[in-house]
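Novice: Can you keep this structure in mind? I'll have questions shortly.
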Amino acid sequence: MIPAFIVTHSPALMIIAPLVGAFLSPFICRISSTVRSIWVGGAMAVTSAIALILALNVYSAGTRLYVFGASTASAAIPPDSGGIPIRIIFEIDPMSALMLVITAISGFAIIVYSLSSERSHTGLESYYTLYLLMITGILGMVSTGDIFNFFVFLEILSLASAGLIAYRIDGGVAVEAALKYFVLSTIGALAILVAIGIYYGQYNALNMAMIAARMQFSVLDQVALVLIIAALAMKCGAVPMHFWTPDAYSMAPSSITALLVVASQASLYGLFRTVFTLYNVTLNAATVGWLIIILGVLSMVVGVTMAIPQKNVKRLMAYHAVSQTGYMLLGVGVGLAVLGNQSLLDAFGYMAMEGGIFHIINHAMYKGLLFLTAGAIFLRLGTYNLNRMGGLGHSMKWTMVFFVIGALAIAGIPPFNGFASKIMIYESVFVFNPLLAVIAMVVSILTLASFVKVFHSIFMGPALPEYSEVKEAPMPMLAGMGILAVVVILFGLFPGIVVESLIAPAAHALVDQGAYVAAVLGGV
Amino acid sequence: MFWNLPLVAVVTLILIALAIIVFKKNLIKVFLGIVILESAVNLFLITLGYREGGIAPIYTNAPPATMVLPTPQALTLTSIVIGVATSALLLSFAIIIWKKYGSIDIDRIRRLKE
Amino acid sequence: MDPTSTLLTGAGYWNPLAWLLGLLVAFIIAWLIYSMGEKGYKPGTAQAEPFISGNKEPEMKGEVHVRAGNLYWGYLEALRGYYDRLVPLHSGNLHDYILWYLGITALFLFLVVIFP
């Protein structure tokens, strides 16, 4: 059905498609708005399709290797290189495939939404160029097997995101947000580059599998580990390095905010990949695991408590994004803390990691959905201020339905997907340390409380006279939200299938360092 | 001892850059700090690739000596290119902030808070 | 690939379809109780007006709506000590953001490299 050529070269095509789309859109988008919509929509649809084909292939046929510049895609080690994989290698294991699925679904839903939400703005050709570059950056980050290549895609992602956060200038405030984000992420990226230099100096390799095979956990490796953990935790918005998150998330256009959520998950992926694949059992699992758990707990508590008094609906949601990231760090951190102890790992470690990883995909879906509803409300009302809203349930019924789905999912109300991943985290973390599970549940209750407030103040109450002219959001925006809402509901109704087929392979691939290394080096 | 001199320079430059980034109030100076940080990291990468007596890996008319692996140079080149893009974007932010806020003092660029 | 499969979570289990079935039963019971209520009322009389603690319904509809700023006042007041410390940390100053990042990096360096 699908040509073998596409399946074989899907890792390269997945990067080429958005790049071609991005770099031609400044020319093609000038023709007319219809051509622009078809071009960028088509480029994103092709990218999503290829990414999904690749992910499907990985889930059915196992880890995929793609070597750039080699005569065959699987020739990882050139015969004259002395056993070092010198070429850039894409290595897509089930964990990467999960991130590809997230990016494909969110990226497509958001571009459908953007076609309508951004219609009245100028400079759209650069908007879509940067959008597709962001997609390139995310896809590259999650599928590369070369650590310097990871840095390059990280920088592509930061540059494109910063440009898009500043896109609406907004009297300079959006630029201020972009500035804060970009200064921090540049410093973080340079720290990662130092770490990469340390690896190269010690092991003469940039390939993650090669570094993992040679890992000694010397003092220099410990320094590199800390530099990478701190930088990527900052980029995914872990407290107390989250300060840029509410600024950037609230000032970016809503469609971009939804994509920034996916971008921060990609940083989270990088963090997990470093800890589990590069180091795995060599590192001091208890110390590093507890550091990540503490970051997670702080993120959950501070994020949700800062969200409650917020007046700006997007700032509020941004603090919730910080808080939800905490759950992922907590779940995977617990898995890391018991790494190397097979009985504990089987007892609850895998379950905690599956919960954390399941929460990544759930969060990308429902938080994207919530940000998109916030954008629809802003389009009609022209304000994000909760104090000036009210009674929109009378005029924006579909937006309300989508908001309710997203809000119930984020608060972990059954039968939506947030509940499924949270119950996995609660029950496994409870075995590890009951206090952490109690904190996680309290945070979930506060999340619900906060979204009750938002729901009440936006949609409830009598129709306000100042908003008597307000209409429902346009059709493409509803379609974009609808895609994400359907995914939220399906994942909520059939969590057993999702965990079994998508999440569990990802968690096991993350823990199984040997398989990742063997895919490149051939069973060392 | 002498071989560590470039690494000493790297650490010194990183510390100088961080001090500039943390203590200077002027946005442009902070950006200069970031540029120095980039240069320090680039110097670090180049230092890693140095081999005494090694020659450039160009095969045409190559003398019979050991060639160095060109990877660190390639990394540095990539990193420089990224650095250019970074500096350009940062400076364009500074221009807009200067126009809209009338100041590039970091203490006064704080309309987003809490 | 059984669509009705139960998600096992180590200590417990979760099956949304069974839960939905329970919810459906609860809705049917609620509807039965609801349908046993008084059928008729007289439109146009006080029977059809909203009951707002015996007060007249205000003309300005916007007055009825409780705005976001008034919600959770008690919660925020009770935790004032916590919020008075937490909120000023979000100072909006780029230097603070960078210092937090560098500080956490230094702390982690201490905890991972030097402490053990």
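The numbers here are math on the coordinates, done by the rules we state, and not lab data. Owing to the predicted nature of the structure, the values given are computational and were not obtained by experimental measurement. No Cβ is skipped: glycine too gets one built from the backbone with ideal geometry, and neighbour counts run over all protein chains shown.
Novice: Any idea how far the Cα center of segment A:359-405 sits from the one of segment B:22-73, in Å?
Specialist: Between the Cα centres of segment A:359-405 and segment B:22-73 lies a distance of 49 Å.
Novice: Related question: Take the protein assembly as shown, compute every pairwise Cα distance, and split them into 20 Å bins from 0; I just need the percent in each bin.
Specialist: Result returned by the calculation: 16, 51, 27, 5, 1, 0.
Novice: Using helices alone, I'd like the mean residue ellipticity at 222 nm for the protein assembly as shown: each DSSP H run of four-plus residues gives -39500 (n - 2.57), total over residue count, nearest 500. Show your work: numbers first, answer last.
Specialist: On the way: 28 runs with 497 residues, N = 754.
Computed mean residue ellipticity for the protein assembly as shown: -22500 deg cm²/dmol.
Novice: My understanding is that a pair violates if its Cα-Cα distance is over 32 Å; which of A:Lys311/A:Lys397; A:Lys235/A:Lys311; A:Lys367/C:Lys56; A:Lys453/B:Lys24; A:Lys397/A:Lys422 do that in this structure?
Specialist: Distance filter (> 32 Å) returns A:Lys367/C:Lys56; A:Lys453/B:Lys24.
Novice: What angle, in degrees between 0 and 90 and rounded to the nearest 10, separates the Cα long axis of helix A:147-165 from the longest principal axis of the Cα atoms of chain A?
Specialist: 10
Novice: How many angstrom separate the Cα center of segment C:70-104 from the Cα center of segment A:84-130?
Specialist: 33
Novice: Next up: Mind listing the Cα extents of segment A:216-267 along all three principal axes, in Å, largest one first?
Specialist: Principal extents (Cα only, largest first): 44, 19, 10 Å.
Novice: Can you pull the percent of Cα pairs in chain B with separation above 23 Å? Before the final figure, lay out the partial values.
Specialist: Values: 3059 of 6441 pairs.
Tail fraction, whole percent: 47.
Novice: Looking at chain B as a GNM with Cα springs under 10 Å, which of B:Thr60, B:Thr47, B:Thr76 has the largest mean-square fluctuation?
Specialist: It is B:Thr60.
Novice: Also: Under 5 Å between amide hydrogens, which residues at least 5 positions from C:His65 or on another chain qualify, with H placed 1.01 Å from N in the peptide plane?
Specialist: none
Novice: Out of C:Gly12, C:Tyr72, C:Leu23, whose Cα points farthest toward the positive end of the dipole of segment C:1-96 (charges: +1 Lys, Arg; -1 Asp, Glu; placed on Cβ)?
Specialist: Going by the charge dipole, the pick is C:Leu23.
Novice: Sticking with this one: In the neighborhood of C:Trp14, defined by Cβ-to-Cβ distances under 12 Å, what is the net charge if each Lys or Arg adds +1 and each Asp or Glu adds -1?
Specialist: Here the count lands on 0.
Novice: How big is segment A:436-493 along each principal axis, measuring the range of its Cα positions in Å and listing the largest first?
Specialist: Sorted from largest, the Cα extents of segment A:436-493 read 48, 28, 14 Å.
Novice: Taking only C-alpha pairs under 8 Å that are 6+ residues apart, what is the relative contact order of segment A:284-511 in percent?
Specialist: For segment A:284-511, the relative contact order is 25 percent.
Novice: Once the other residues with Cβ under 15 Å from the Cβ of A:Val35 are scored (Lys, Arg +1; Asp, Glu -1), what is the net sum?
Specialist: Surrounding charge for A:Val35 is +2.
Novice: When the distances between all Cα atoms of segment A:402-445 are binned every 10 Å from zero, what whole-number percent does each bin get?
Specialist: Taking all Cα pairs of segment A:402-445, the binned fractions are 32, 48, 18, 2 percent.
Novice: What is the distance, in nm, between label points placed 7 Å from the Cα along the Cα-to-Cβ direction at C:Arg85 and at B:Trp3?
Specialist: It works out to 5.1 nm between the two label points.
Novice: What aspartates and glutamates could a cross-link reach from B:Lys100, if we take a straight Cα to Cα line under 18 Å and drop same-chain neighbours fewer than 8 places away?
Specialist: A:Asp170, A:Glu176, A:Asp247
Novice: Another question, then. Just how far, in whole angstrom, is segment A:263-342 from segment A:429-493 if you go by their alpha carbon centroids?
Specialist: When both Cα centres are located, 21 Å separates them.
Novice: A further question follows. Sort A:204-211, A:163-170, B:32-39, C:17-24 by the packing proxy (mean of other Cβ within 10 Å over each peptide's residues), most packed first.
Specialist: Packing proxy ranking, top to bottom: A:204-211, A:163-170, B:32-39, C:17-24.
Novice: For segment A:204-300, take the convex hull of the Cα atoms, compute a quarter of its surface area, and give me that in nm², please.
Specialist: With every direction weighted equally, the projected area is 6.9 nm².
Novice: For chain B, set up a GNM with springs between Cα atoms under 10 Å and report which of B:Gly102, B:Gly49, B:Gly83 has the largest fluctuation.
Specialist: B:Gly102
Novice: Sticking with this one: Based on the Cα coordinates of segment A:386-502, what is the per residue volume of their convex hull in Å³?
Specialist: For segment A:386-502, the hull spanned by Cα atoms encloses 102 Å³ per residue.
Novice: Same structure again: With Kirkwood's inverse mean 1/r over C-alpha pairs for Rh, give me the Rg to Rh ratio of segment A:60-102, two decimals please.
Specialist: Details: Rg = 12.1 Å, Rh = 11.4 Å.
For segment A:60-102, the value is 1.06.
Novice: Report relative contact order for chain B in percent, whole number only (criteria: Cα-Cα under 8 Å, sequence separation at least 6).
Specialist: Normalised by residue count, the contact order of chain B is 26 percent.
Novice: Normalised radius of gyration for segment A:284-511, please: alpha carbon Rg relative to 2.2 N^0.38 Å, two decimal places.
Specialist: After normalising by residue count via 2.2 N^0.38 Å, the value is 1.07.
Novice: Further question on the same structure: How many Å³ per residue does the convex hull of the Cα positions in chain C occupy?
Specialist: Hull volume normalised by residue count: 362 Å³.
Novice: What number comes out for the charge environment of A:Leu493, summing +1 per Lys or Arg and -1 per Asp or Glu over other residues with Cβ under 15 Å away?
Specialist: Details: positive: none; negative: A:Glu500, C:Asp2.
My count for the surroundings of A:Leu493 gives -2.
Novice: Averaged across C:107-115, how many Cβ atoms of other chains sit within 10 Å of each residue's Cβ atom? Before the final figure, lay out the partial values.
Specialist: On the way: counts 3, 12, 6, 1, 7, 10, 8, 2, 2.
Counting Cβ atoms of other protein chains within 10 Å of each residue's Cβ and averaging gives 6.
Novice: Tell me whether segment C:76-116 comes out rounded, prolate or oblate; compute the Cα gyration tensor, take square roots of the eigenvalues as a ≥ b ≥ c, and use a/c under 1.5 as the rounded threshold.
Specialist: Details: a/c = 6.92, a/b = 1.82, b/c = 3.79.
It is oblate, given that a/c is not under 1.5 and a/b is not larger than b/c.
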